[in-house]
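**Student:** Attaching a single structure in structure tokens format; questions to follow.
The values are calculated or read from the model by the stated rules, or taken from the named source; none is laboratory data. Computed from a predicted structure; not experimentally measured. Methodologically, a virtual Cβ is constructed for each residue, glycine included, from the backbone with ideal geometry; neighbour enumeration extends over all protein chains shown. Ligands, DNA and RNA are excluded from the accessible area calculation, which covers all protein heavy atoms including side chains. Shrake-Rupley method; radii C 1.70, N 1.55, O 1.52, S 1.80 Å.
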Amino acid sequence: MGLAKRIIPCLDVNAGRVVKGVNFVDLRDAGDPVEIARRYDREGADELTFLDITASSDQRDLILPIIEAVASEVFIPLTVGGGVREVNDVRRLLNAGADKVSINTTAVNNPQMVADAAARFGSQCIVVAIDAKTNADGRWEVFTHGGRTATGLDVVEWAFKMQELGAGEILLTSMDRDGTKSGFNLALTRAVSDALNIPVIASGGVGTLQHLADGVIQGHADAVLAASIFHFGEYSIHEAKLHMMQNGIEVRL
Amino acid sequence: MAVDIAVIDYGMGNLRSVSKALEHVAPAASVAVTADPEVILTAGRVVFPGVGAMGDCMAELDQRGLIDVVKQAAASKPFLGICLGMQMLFEHSEEGDVAGLGILPGRVLRFPAEAMFDNRNERLKVPHMGWNEVHQAVPHPMWNGITDGARFYFVHSYYVEAGNPELVSAFTLYPFPFTCAVAHNNIFAVQFHPEKSQAAGLTLLGNFVTWEGNV
């Protein structure tokens, strides 16, 4: 027995509410973030990830009191991402109670910021989020701005570069699968996880509990992230863990 | 007035999680996150946390004149080291090839750079990140109410090799057994993060706020 594979529910937060869309559009309200965080903690979530998808920058700081409220009563690791542009944003989120900060678009625009943040706060709190999409040539390409902007970067090479700059973990989302409930992109997940020495979180596409198990067994993911299957009550975190355990995966019960 | 619990703040990492968790388990206790030697040395008990790189942590402690303060606190009252706050108690770290406080004998080593595999032949990543089992080596008041083998949350790339096996209070497999908790008189120190380890972690912190520093 050893390290457990983690199940991480993801809360997409827009203007103070948890929402969920398909392929990053068509948002549907899923409830109050603090209440949802409490429920997932009770059900045995291993960590929680909050992604601030608020488009408008004047509403951006709404996430801080939410993180403060969650951190006062939920004692598991909290990751927060969305709109992190400078080292000072990392500091503000950590001070609000986040344990890790996820950096996405800024990592592409300014890779040095990842190195600076890791040097300042430690690799353990720097997660680089990568939105991957299969491009016209059939290659996996890094996209930014919620999947709208192509970067020309190869996903595996980019993930490796982020590891070398000091990222402590990679959150890998398949844009092709996100919100589709057709399962993780397993080949993509495996390619990235096998190329790196740091943990990789698989994200995008979970529709069934078997998809979570497949992410670990076939995708070689160290952790699996899902949103809608948990938000709308289809499955509890506990059911997901039991299913993974029945598939021979070590979990924390 | 002296505080019940001082959390030593030397500018490294997020101490909010630690203080929030202590306030949660001991709502009546006064908890101060502080760099003030006077507050630390008059507190009832002291928590010594830490994240980041050991060289930076030691430099920050030194710059704030806290090295002797930590040594005095560790010699005199219930003292809990967490993560880097455990590693710094030892003599030396491979991370940056730096000296620690040398309060306890032993050194801090990195998990091997070459790929590690568990007994199912699954690759083990570094940092060691997530929930792993803590096997209690000896009974201790800090383990009261915690099942042997309970899972705690870890995130680290370096681990302690205690110079004296009698210091080891618990171990974890990754894939080899490494020391994840040490106990010596009034000192208890853990590699994992009790403040992020849900029920088991809160139980451990609850034990600390009532522990008188004896085994």
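**Student:** Restricting to region A:174-202, what's the tally of residues that are of a type in the set (Ser, Thr, Tyr) and open to solvent by less than 10 Å² (accessible area, probe 1.4 Å)?
**Tutor:** Of the residues in that region, 3 qualify.
**Student:** Further, regarding this structure: Residues that are farther than 22 Å from B:GLY96 by Cβ and of a type in the set (Asp, Glu), at least 1 per element: which strands (runs of 3 or more DSSP E) completely within region B:110-190 meet that?
**Tutor:** Numbers: elements: B:128-133, B:151-156, B:158-162, B:168-173, B:177-184, B:187-190.
Of the strands (runs of 3 or more DSSP E) lying wholly inside region B:110-190, those with at least 1 residues that are farther than 22 Å from B:GLY96 by Cβ and of a type in the set (Asp, Glu) span B:128-133.
**Student:** Among the residues of region B:112-136, what is the count of those that are farther than 19 Å from A:ASP194 by Cβ and surrounded by fewer than 21 Cβ atoms within 10 Å (Cβ to Cβ)?
**Tutor:** Going through region B:112-136 one residue at a time, the tally reaches 3.
**Student:** If you don't mind, there's one more thing I want to ask. From the list B:LEU84, B:LEU80, B:LEU104, which residue is more than 14 Å from every other protein chain (Cβ to nearest Cβ), touching a Pro at 6+ places or on another chain (Cβ under 9 Å), closer than 15 Å to B:VAL190 by Cα and open to solvent by less than 50 Å² (accessible area, probe 1.4 Å)?
**Tutor:** Selected residue: B:LEU80, the only one of B:LEU84, B:LEU80, B:LEU104 that is more than 14 Å from every other protein chain (Cβ to nearest Cβ), touching a Pro at 6+ places or on another chain (Cβ under 9 Å), closer than 15 Å to B:VAL190 by Cα and open to solvent by less than 50 Å² (accessible area, probe 1.4 Å).
**Student:** A follow-up question, please. Collect the residues in region A:68-82 that are within 16 Å of the chain's Cα centre (by Cα) and not in a loop (DSSP other than H, G, I, E, B), keeping them in residue-number order.
**Tutor:** Within region A:68-82, A:LEU78, A:THR79, A:VAL80, A:GLY81 qualify.
**Student:** Out of region B:129-138, which residues are at the interface with chain A (Cβ under 7 Å from one of its Cβ atoms) and either acidic (Asp, Glu) or out of contact with any Leu (no Cβ under 6 Å at 6 or more places or on another chain) (or both)?
**Tutor:** B:MET129, B:TRP131, B:GLU133
**Student:** Just one of A:ILE229, A:ILE217 is more than 18 Å from the chain's Cα centre (by Cα) and hydrophobic (A, V, I, L, M, F, W, C); which is it?
**Tutor:** Answer to the check: A:ILE217.
**Student:** For region B:7-43, name all the residues that are surrounded by fewer than 20 Cβ atoms within 10 Å (Cβ to Cβ), among the charged types (D, E, K, R) and within 16 Å of B:ILE82 (Cα to Cα).
**Tutor:** Of everything in region B:7-43, just one residue is surrounded by fewer than 20 Cβ atoms within 10 Å (Cβ to Cβ), among the charged types (D, E, K, R) and within 16 Å of B:ILE82 (Cα to Cα), namely B:LYS20.
**Student:** If you take just the helices (runs of 4 or more DSSP H) that sit entirely in region A:200-253, which of them hold at least 2 residues that are under 21 Å from B:ASN119 (Cβ atoms)?
**Tutor:** A:209-217, A:237-246
**Student:** Another question about this same structure. In region A:84-119, which residues are within 13 Å of chain B (Cβ to nearest Cβ) and open to solvent by less than 30 Å² (accessible area, probe 1.4 Å)?
**Tutor:** A:VAL90, A:LEU93, A:LEU94, A:ALA96, A:GLY97, A:ALA98, A:LYS100, A:VAL101, A:ALA117, A:ALA118
**Student:** Within region B:44-58, which residues are within 11 Å of chain A (Cβ to nearest Cβ) and open to solvent by less than 50 Å² (accessible area, probe 1.4 Å)?
**Tutor:** B:GLY50, B:VAL51, B:GLY52, B:ALA53, B:MET54, B:CYS57
**Student:** For region B:139-196, how many residues meet the condition of being within 14 Å of another protein chain (Cβ to nearest Cβ), open to solvent by 10 Å² or more (accessible area, probe 1.4 Å) and of a type in the set (Val, Ile, Thr)?
**Tutor:** Total meeting the criteria: 2.
**Student:** So, A:LEU3, is that one in a strand (DSSP E or B) and on the phi < 0 side of the Ramachandran plot or not?
**Tutor:** No.
**Student:** Which residues, taken from region B:74-99, are farther than 26 Å from B:PHE152 by Cα and among the aliphatic types (A, V, I, L, M)?
**Tutor:** Those that are farther than 26 Å from B:PHE152 by Cα and among the aliphatic types (A, V, I, L, M): B:ALA75, B:VAL98, B:ALA99.
**Student:** For residues that are assigned to a helix (DSSP H, G or I) and among the acidic types (Asp, Glu), tally how many sit in region A:83-124.
**Tutor:** 2
**Student:** Quick test for you: out of A:PHE50, A:PHE75, pick the one residue that is among the aromatic types (Phe, Trp, Tyr), within 14 Å of chain B (Cβ to nearest Cβ) and either open to solvent by less than 30 Å² (accessible area, probe 1.4 Å) or in contact with a Phe, Trp or Tyr (Cβ under 7 Å, 6 or more places away or on another chain) (or both).
**Tutor:** After ruling out the rest, the residue left standing is A:PHE75.
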